[in-house]
Amino acid sequence: TGVALLTGLVALVVPQVMGNGRALAQMGMDQRLPAGFSGLQLAQSLALLVLFALVKALLTTATIRAGAFGGTLTPSIALGSATGAVFGLSLAYLLPGLPVWQCAVIGAASLLAASQQAPLMAMAMLMEVCHLPVMAFMPMGLAVALSMAVSHLFVVKA
């Protein structure tokens, strides 16, 4: 009950931590740099995404460890989306016009593939959920392959 109380208190300030992670995933995919943005606006967006992702990760882990039922599928998509959006916003600052939502989708697919060790499932799921054209397979496939390679470096074999 302590974790549930903590989650409720945090949700008063950060409602994106509630539920399965859809709100945080959507927040990542909705990020844009408006014309004439300032460095302060960029810093605020980056800070919020990083903060919300960290809080979501900590509370999800605590909830599962406390014995609550739930999965890691949608939280992985949420954390990947936020991470991809952080990279996308940072790159969009240097490359104006870069679609940040695409970075968020690729981040979501990459983290989902690595966390579930299921690259084809991750790609198919994000392609379906986001209604992406077949042209998205190439960049998503490259990102997922890279995430799988990196995850294999850090997986502890028993």
When only Cα pairs under 8 Å and 6 or more residues apart are kept, what is the percent relative contact order across the stretch 1-129? 27
Carbon/sulfur accessible area of the chain, % of total, 1.4 Å probe, equals 73
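When a/c reaches 1.5 or more, the comparison of a/b and b/c decides; with that in mind, is the stretch 78-117 rounded, prolate or oblate per its Cα gyration tensor?
Values: a/c = 3.25, a/b = 2.82, b/c = 1.15.
Prolate.
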Quick check for you: with a 1.4 Å probe and neighbouring chains kept, what is the accessible area per residue of the stretch 71-158, in Å²? 55
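Which of the three applies to the stretch 60-136, rounded, prolate or oblate, going by the alpha-carbon gyration tensor with a ≥ b ≥ c and a/c under 1.5 meaning rounded?
Numbers: a/c = 2.99, a/b = 1.55, b/c = 1.93.
Here the stretch 60-136 falls in the oblate category.
Roll a 1.4 Å probe over the protein chains and send me the accessible area per residue for the stretch 14-55 in Å². Present the calculation step by step, with values, prior to reporting the outcome.
On the way: 2380 Å² over 42 residues.
With the other protein chains kept in place, the stretch 14-55 gives 57 Å² per residue.
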At 1.4 Å probe size, what's the solvent-accessible area of THR72? Round to the nearest 10 Å². 70
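Please identify the chymotrypsin sites (Phe, Trp or Tyr not before Pro) of the stretch 29-135 that satisfy two criteria: DSSP loop assignment and at most 13 other Cβ atoms within 10 Å. Which are they?
Numbers: sites: PHE37, PHE52, PHE69, PHE87, TYR93, TRP101; in loops: PHE37, PHE69.
When the chymotrypsin sites (Phe, Trp or Tyr not before Pro) of the stretch 29-135 are filtered for loop state and at most 13 Cβ neighbours within 10 Å, PHE69 remain.
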Roughly speaking, what is the centre-to-centre gap between the stretch 86-109 and the stretch 1-21 when only Cα atoms are used, to the nearest Å? 27
Helical contribution to [θ] at 222 nm, DSSP H n ≥ 4, -39,500 (n - 2.57), averaged over the chain, rounded to 500: -24500 deg cm²/dmol
Sort the stretch 14-158 into rounded, prolate or oblate with this rule: let a ≥ b ≥ c be the square roots of the eigenvalues of the Cα gyration tensor; rounded if a/c is under 1.5, and if a/c is not under 1.5, prolate when a/b is larger than b/c, oblate otherwise. oblate
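The values are calculated or read from the model by the stated rules, or taken from the named source; none is laboratory data. Note that this is a predicted model, so its numbers are computed, not measured. Every residue, glycine as well, gets a Cβ built from its backbone with ideal geometry; the counts of neighbours run over all protein chains shown. Protein only, heavy atoms only, side chains kept; ligands, DNA and RNA dropped before computing areas. Shrake-Rupley method; radii C 1.70, N 1.55, O 1.52, S 1.80 Å.
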